[in-house]
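Comments concern the structure below.
The values are calculated or read from the model by the stated rules, or taken from the named source; none is laboratory data. Please read all numbers here as calculations on a predicted model, not as lab measurements. Quick reminder, even Gly has a Cβ in these numbers, built from the backbone with ideal geometry, and neighbours come from all protein chains shown. Side chains are part of the model used for accessible areas, which takes the heavy atoms of the whole protein and leaves out ligands, DNA and RNA. Shrake-Rupley method; radii C 1.70, N 1.55, O 1.52, S 1.80 Å.
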Amino acid sequence: MEATGTSTHERRFTHTQLIGAVAATALFVGGLVSGGFALAAPSSSPNTYYACVKDRSGSLNSFQVNTPPTCGKKEALVSWSENGQTGATGATGATGATGASGADGRDGHDGVNGATGPTGPTGQSGVGTTGATGATGATGRDGAAGPTGATGAPGSARGYALVHGDGTVVATRTRNIAVAKGIGGTANGMYCVDVQGGIDPSAIAPVAALGFDGTPVVAVKIFVDTYPADVRNVCTAPTNDFVVLALGGTGSYVDADFTISVP
């Protein structure tokens, strides 16, 4: 509590005087409250109370708020704030109970996609070894026989024959051709041919080939000889239009199966 007087010098009170001043102040404040004078609660702009205190007795008089009174010559001016001095910090209170969890907040908006990063370097090529060859699979079953093909168109040959090595022909596969072995049937590999059915033997180009539906004789050549002198030396009428010769690999004539056709 600060005490100031109307004189030019500062007054200092004894311990007993200060106690009396404080007691008087308490009585004064209590009188203000009981008399209906409202004291404001502690605030950031507290009121300042002023009073005059007598030098000898320490009694207070001339109380005023926010305006100091005029004190007598043997009085000192004292003042004090509405708010008392800040007390010592109290002990920390017990921790309060945990409050209930708040509701989940709404999901935020999706962020903008970041820029595409650079392409990483190409990895090394793997080096694999060739696997072992697998075992051969089992042979598959034979497929079913296909349907018989359509009958082919009739051939254009005017005469043909399928001839055995002994000079006989297959009747079902012979047309307009008659065959007999040369030199009275005794010559090996020489076959005399008679062209029938009105075919002019002088205007034909017969063709002969080795084998037919049997096993052909290996290393045998079949050729047609139409030279009249050669034909006369081997063949007699009526099978004397041309001769078919079967020449073996040793240069001698041998019996062989063959086909003949007259276009």
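What residue, of THR98, THR70, THR92, is at pLDDT 90 or above, among the polar types (S, T, N, Q) and surrounded by 10 or more Cβ atoms within 10 Å (Cβ to Cβ)?
Result of the check over THR98, THR70, THR92: THR70.
Checking the condition surrounded by fewer than 17 Cβ atoms within 10 Å (Cβ to Cβ) and closer than 28 Å to GLY155 by Cα, which residue from ALA209, ALA246, ALA256, ALA237 passes?
Going through ALA209, ALA246, ALA256, ALA237 in turn, the sole match is ALA209.
Picking from VAL179, VAL220, which residue would you name as being more than 17 Å from SER156 (Cα to Cα), open to solvent by less than 60 Å² (accessible area, probe 1.4 Å) and at pLDDT below 90?
VAL220
Mind telling me which of the residues THR151, THR139, THR172 ends up being more than 22 Å from PRO228 (Cβ to Cβ), without any contact (Cβ under 8 Å) to a residue 60 or more places away in the chain, open to solvent by 40 Å² or more (accessible area, probe 1.4 Å) and outside any loop (DSSP other than H, G, I, E, B)?
The conditions single out THR172.
It is to be established whether one or more residues within segment 185-205 are part of a strand (DSSP E or B), farther than 19 Å from ALA157 by Cα, open to solvent by 30 Å² or more (accessible area, probe 1.4 Å) and among the hydrophobic types (A, V, I, L, M, F, W, C).
yes
Please verify whether ALA157 is of a type outside the set (Phe, Trp, Tyr), part of a loop (DSSP other than H, G, I, E, B) and either open to solvent by less than 80 Å² (accessible area, probe 1.4 Å) or touching a helix residue (DSSP H, G or I) at 6+ places or on another chain (Cβ under 8 Å) (or both), treating the condition exactly as stated.
Yes.
Checking the conditions here, which among ASP107, ASP166 is at pLDDT below 90 and either open to solvent by less than 100 Å² (accessible area, probe 1.4 Å) or at negative phi (or both)?
Answer to the check: ASP107.
For segment 233-263, how many residues meet the condition of being in a loop (DSSP other than H, G, I, E, B), farther than 16 Å from ASN176 by Cα and in contact (Cβ under 8 Å) with a residue 60 or more places away in the chain?
Final tally of qualifying residues: 5.
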